[in-house]
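Worksheet for the structure shown next.
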Amino acid sequence: MKTVHTISEVQAAVAALKAEGKRVGFVPTMGNLHGGHLTLVEKAKEACDVVVVSIYVNPLQFGPNEDYDSYPRTMEQDSQLLMDHGVDILFACQTTEIYPEGSENHTHVSVDILDGMHCGKSRPGFFTGIATVVTKLFNIVRPDVAVFGEKDFQQLTIIRKMVRDMCMPVEIIGAAIAREATGLAKSSRNGYLTQEEREVIAPTLHQCLQDARKAIIAGERDYDLLRRNAFAKLAEAGFKPDYFNISSTLTLLPAGAEDQSLVILAAGYLGKARLIDNLAFDL
Ligand code: AMP
């Protein structure tokens with residue numbers, strides 16, 4: 001695996017591979033890699049000849065009171081994992097290169113229509129930060145394919161729309177959510193949890209999604225009731241629930257009784273972590 005730190009180095013490395021006719025897959029991450037990230041790497045390997053992974057904790061997607069400073073940075077361990085999984089290029093980006101004039105002074109990319117709901121409501125600027133850095137990384141790496149996790153369902157929907165709207169020449173592939181045996185979605189932020197929070201309380205988030213899906217499949221259409229039930233169960237378990245929304249997978253807007261393709265999106269605060277999860281299904 002070749003590790004590069006600068007834009008010109010990654011561009012040269014990818015150009016050399018493309019000159020050999022290789023199809024390039026790309027997996028952008030913030031590092032502190034776990035099984036979820038590795039699923040994305042595997043998907044990229046299936047679809048492409050070579051895989052580039054970026055690791056960059058993007059300051060633009062963190063709010064002023066969020067965990068940018070404390071976000072886990074484990075470059076050595078990540079690098080070993082990527083090497084073990086046959087990644088070709090690790091692009092370890094640096095803020096001086098990504099935002100040479102500061103992140104706030106940089107051109108911003110926003111997908112407004114999908115931003116003001118779910119995570120966008122409680123994290124203003126979050127998706128603009130993501131759309132901006134992903135656009136920049138796409139322009140730098142120029143991958144044929146990029147893989148994103150369904151764990152971040154709203155993010156994946158936003159990136160798909162951005163790519164479609166802006167005619168970006170990249171194919172977007174979604175990868176299923178990797179979970180722990182308890183059902184908890186794998187996440188770098190699970191590391192903020194105590195053992196009890198992680199093993200006993202956190203899996204409630206996934207259980208609430210499953211309960212709601214079961215009720216909907218059984219015919220329940222009072223989505224507000226399902227939301228109230230989930231909030232009560234999450235609060236009782238020890239969460240401070242943020243949202244629990246039953247939406248159309250296409251628009252992410254609140255689902256109506258006639259919608260057949262649904263996604264239940266949920267987020268809640270537990271101890272030092274904010275956890276998200278979702279469940280998409282067709283009726
Ligand atoms: P992050 O490092 O958290 O920014 O995530 C990088 C990529 O990994 C994103 O596309 C995420 O959606 C994806 N990802 C994170 N956790 C999981 C998971 N448990 N299952 C599948 N994909 C994931």
Nearby lysines by direct alpha-carbon distance to K45 (threshold 22 angstrom, same-chain neighbours under 8 apart not counted): K2, K18, K22, K151, K186
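Give me the 1.4 Å probe accessible area per residue for the chain, excluding ligands and nucleic acids, in Å². If you can, show how the numbers build up before the last one.
On the way: 13050 Å² over 283 residues.
Accessible area per residue, the chain: 46 Å².
What does the helix-only formula give at 222 nm for the chain: each DSSP H stretch with n ≥ 4 adding -39500 (n - 2.57), the total divided by the residues, and the result rounded to the nearest 500 deg cm²/dmol?
Working: 9 runs with 103 residues, N = 283.
-11000 deg cm²/dmol, from helical runs alone.
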Highest mean first, what order results for 194-207, 33-46 on Cβ atoms within 10 Å? 33-46, 194-207
Please list, ordered by chain and number, the residues whose modelled amide H lies under 5 Å from the amide H of V51; skip anything fewer than 5 residues away on the same chain. G25, D88, I89
Cα gyration tensor shape of the stretch 80-162, rounded if a/c is under 1.5, else prolate or oblate by comparing a/b with b/c: oblate
Return the tail of the calculated pair distribution for the stretch 167-283, meaning the percent of Cα-Cα pairs more than 17 Å apart. 56 percent
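May I ask you to list, by number, the DSSP H helices of the chain whose Cα span along the axis is at least 15 Å and whose average Kyte-Doolittle hydropathy reaches 0.5 or more?
Values: long enough: 7-19 (18 Å, 1.08); 35-47 (18 Å, -0.32); 126-141 (22 Å, 1.61); 153-165 (18 Å, -0.18); 203-217 (21 Å, -0.11); 223-237 (21 Å, -0.22).
Qualifying helices, which must be both long enough and hydrophobic enough, are 7-19, 126-141.
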Portion, in percent, of the accessible area of the stretch 2-175 that falls on carbon or sulfur, probe 1.4 Å: 50 percent
Using unit Cβ charges (K, R positive; D, E negative) and no other charged atoms, how large, in debye to the nearest 20, is the dipole of the stretch 130-283 about its Cα centre? 440 debye
Can you report the principal axis dimensions of the stretch 114-165 using only the alpha carbons, biggest first, rounded to whole angstrom? 32, 19, 19
The long-range amide H neighbours of C93, using H built 1.01 Å from N in the peptide plane and a cut-off of under 5 Å, are I55
Rounded to whole Å, sorted largest first: equivalent-ellipsoid semi-axes of the chain, Cα gyration tensor: 33, 20, 18
Taking every DSSP beta bridge with both residues inside the chain, roughly what % is antiparallel (nearest 5)? 50 percent
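Mind checking the dipole of the chain: about its Cα centre, +1 per Lys or Arg Cβ, -1 per Asp or Glu Cβ, Debye to the nearest 20?
Values: 28 positive and 36 negative charges, 33 e Å.
Charge dipole of the chain: 160 debye, to the nearest 20.
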Compare the Cα positions of L279, A215, S261 along the charge dipole of the stretch 176-283 (+1 at Cβ of Lys, Arg; -1 at Cβ of Asp, Glu; about the Cα centre) and return the one farthest towards the positive end. L279
Quote the accessible area belonging to D144 in square angstrom, nearest 10, computed with a 1.4 Å probe and with ligands, DNA and RNA left uncounted. 50 Å²
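The values are calculated or read from the model by the stated rules, or taken from the named source; none is laboratory data. This one's a predicted model, so the numbers in the text were calculated from it and none came from an experiment. Neighbour counts run over all protein chains shown; Cβ positions are idealised from the backbone, glycine included. SASA here: full protein model, heavy atoms, side chains in, ligands and nucleic acids out. Shrake-Rupley method; radii C 1.70, N 1.55, O 1.52, S 1.80 Å.
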